[in-house]
Amino acid sequence: MKPEALLHPTPAGLYCPIGRFHVDPVRPVERALITHGHSDHARAGHGSVLATRQTLDIMALRYGDDYTLQEQTASFGERIDVNGVTVHFHPAGHVLGSAQIAIEKNGLRIVVSGDYKRGIDPTCAPFEPIPCDVFITEATFGLPVFHHPDPKAETRKLLASLKQFPERTHLVGAYSLGKAQRVIRLIRDCGYDKPIFIHGALAKLCDYYVSQGVELGDLRPATLEKKDPSAFHGAIVVGPPSAFQERWARRFNEPLISFASGWMMVRQRAKQGGVELPLVISDHCDWPELLDTIQEIKPQEVWVTHGREEALVRWCELQGIPARPLHLVGYEDEGD
Ligand SMILES: [Zn+2]
């Protein structure tokens, strides 16, 4: 069987015609297999959703309990039959609950890795390399210029800034699923044990991470009703980047704007966003991690999706690995 007969791109996303299911569909479908809870991969309105328990929980938290008609839980490693196609989920190391999905039929195995990273992250299970014939990889940071630094060293920049500017409120922008909890956890792992204040948009997901055993320490709401503006002097406040455009952010004392994202490697992006303290902390592979992963898995073929597809396709070809870009649309990761 040709791999394309088992899985191929359609406008709604990757589709398996034999199993009659889509993977991370960008529009409502009958049956969806979902890699992780970021909004571009996990959307509401599918007939049924098969995903890890944590991804299902995260979807219900974000969209409400009626986000789908039917949920089915996939445990890591469990082999599940979907209309004669075997699927199994394995950790992707991207955010809590994130999974790669292996799809098998007649001895052919395709692995959809979703979004993934290889660096240490205590807020989710680490990426597991799965041998396969076709490896589908993201390429969000698929250019040789992208090398992500040590996330702890980046976090220490924030703590050093707090020492240097003890009066200023340090506002840290971080996407609400995954990045926010990882940044809070990194701040704790760097020895900071004072309360961390969080924007209301992060509360439910932070509570959920804690319920799943991810320690985040003393978190308090960054409520603005506080009469004493000095309450947030020298404090760390974590919020979604969108909140920094709101009046909410301007009420803090001499706010110092920081932003945790892989894109902070690009100086221009930090400048445009008015970010004074860029922190290069990413939940995606950088260029060396992408190459190491492909070399480790040694697939027969690589399919590349969302991001800098061409550079990675070219690199694969130079290694003698057939590769193709998928040109899927609708994936603008919220958790970079
Ligand atoms: Zn993602």
### Query
Who wins for biggest fluctuation among Ala32, Ala270, Ala160 in a Gaussian network model of the chain, springs between alpha carbons below 10 Å?
Ala160
### Query
Per-residue accessible area for Asp189 at 1.4 Å probe radius, Å² rounded to 10?
60 Å²
## Note on the structure
Mean separation of Cα contacts under 8 Å (at least 6 apart) over the residue count of the chain, i.e. the relative contact order in percent, is 17 percent
### Query
Just how large is the dipole of region 70-133 about the Cα centre, in debye to the nearest 20, putting +1 at every Lys and Arg Cβ and -1 at every Asp and Glu Cβ?
140 debye
### Task
With N denoting the number of residues in the chain, provide Rg(C-alpha) divided by 2.2 N^0.38 Å, to two decimal places.
1.02
### Task
Return the percentage of antiparallel bridges among DSSP beta bridges fully within the chain, rounded to the nearest 5 %.
35 percent
#### Entry: Separation in nanometres of the label points that stand 7 Å from Cα toward Cβ, at Ala5 and Ala160
5.8 nm
### Task
In square nanometres and to one decimal, what's the mean projected area of the convex hull around the Cα atoms of region 216-276?
5.0 nm²
### Message
Report the rotationally averaged projected area of region 46-194 based on its alpha-carbon convex hull, in square nanometres.
### Response
11.6 nm²
### Message
Between helix 53-63 and the chain, what is the angle of the helix's C-alpha long axis to the longest principal axis, kept within 0 to 90° and rounded to the nearest 10?
### Response
60 degrees
### Query
If you roll a 1.4 Å probe over the chain with all protein chains in place, what percent of the accessible area is carbon or sulfur?
51 percent
### Message
If you take every DSSP beta bridge fully contained in region 37-174, what fraction is antiparallel? Give it as a percent rounded to 5.
### Response
60 percent
### Query
What does region 168-229 give for Rg and for Dmax, in Å, if only its C-alpha atoms count?
11.6, 34
### Task
Evaluate the charge dipole of the chain about its Cα centre and quote only its size in Debye, nearest 20, assuming +1 on the Cβ of each Lys and Arg and -1 on the Cβ of each Asp and Glu.
740 debye
### Summary
Rounded to whole Å², per residue accessible area for the chain with a 1.4 Å probe reads 42 Å²
### Task
Any chance you could get the radius of gyration and Dmax over the Cα atoms of region 203-336, in Å?
20.2, 65
### Query
What does a probe at Arg250 reach in region 266-300, counting residues whose amide N is under 16 Å from the point 7 Å along Cα→Cβ?
274
### Query
Label-point separation (nm) for Gln212 and Val266, each offset 7 Å from Cα along Cα-to-Cβ?
2.8 nm
### Task
Give me the angle, in degrees from 0 to 90, between the Cα long axis of helix 287-297 and the longest principal axis of the Cα atoms of the chain, rounded to the nearest 10.
40 degrees
## Note on the structure
Restricted to pairs 8 or more residues apart or on different chains, the lysines in the chain with C-alpha atoms under 19 Å apart form a number of pairs equal to 14
### Task
May I ask what percent, to the nearest 5, of DSSP beta bridges between residues of region 92-232 are antiparallel?
45 percent
### Shape category assigned to region 77-143 from the gyration tensor of Cα positions, a/c cut at 1.5
oblate
### Task
Starting from the exponent 0.38 and prefactor 2.2 Å, build the expected Rg for region 282-336 from its residue count and divide its actual Cα Rg by it.
1.14
### Message
Rounding to the nearest 10 and keeping the result within 0 to 90°, find how far the Cα-based axis of helix 179-189 lies from the longest principal axis of the chain.
### Response
60 degrees
### Task
Sketch the reach of a paramagnetic label on Ala201 as a point 7 Å from Cα along Cα-to-Cβ, and name the residues of region 243-263 whose backbone nitrogen lies under 18 Å away.
243-252, 256-263
### Task
Just grab the label-to-label distance for Asp193 and Leu143, each label 7 Å out from Cα along the Cβ direction, in nm (one decimal).
4.4 nm
### Query
What figure in square angstrom, to the nearest 10, would you give for the accessible area of Lys194 with a 1.4 Å probe?
120 Å²
#### Entry: Calculated SAXS-style log₁₀ I(q)/I(0) at q = 0.14 Å⁻¹ - region 1-92, Debye, Cα scatterers
-0.45
### Helix-derived mean residue ellipticity, 222 nm - over the chain, DSSP H n ≥ 4, -39500 (n - 2.57), to 500
-6500 deg cm²/dmol
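The values are calculated or read from the model by the stated rules, or taken from the named source; none is laboratory data. Bear in mind that the values here come from a model prediction, so they are computed numbers and not experimental data. Counting neighbours? That spans all protein chains shown, and the Cβs are built from the backbone with ideal geometry, glycine included. In case anyone asks, the SASA skips ligands and DNA or RNA and just uses the protein heavy atoms, side chains included. Shrake-Rupley method; radii C 1.70, N 1.55, O 1.52, S 1.80 Å.
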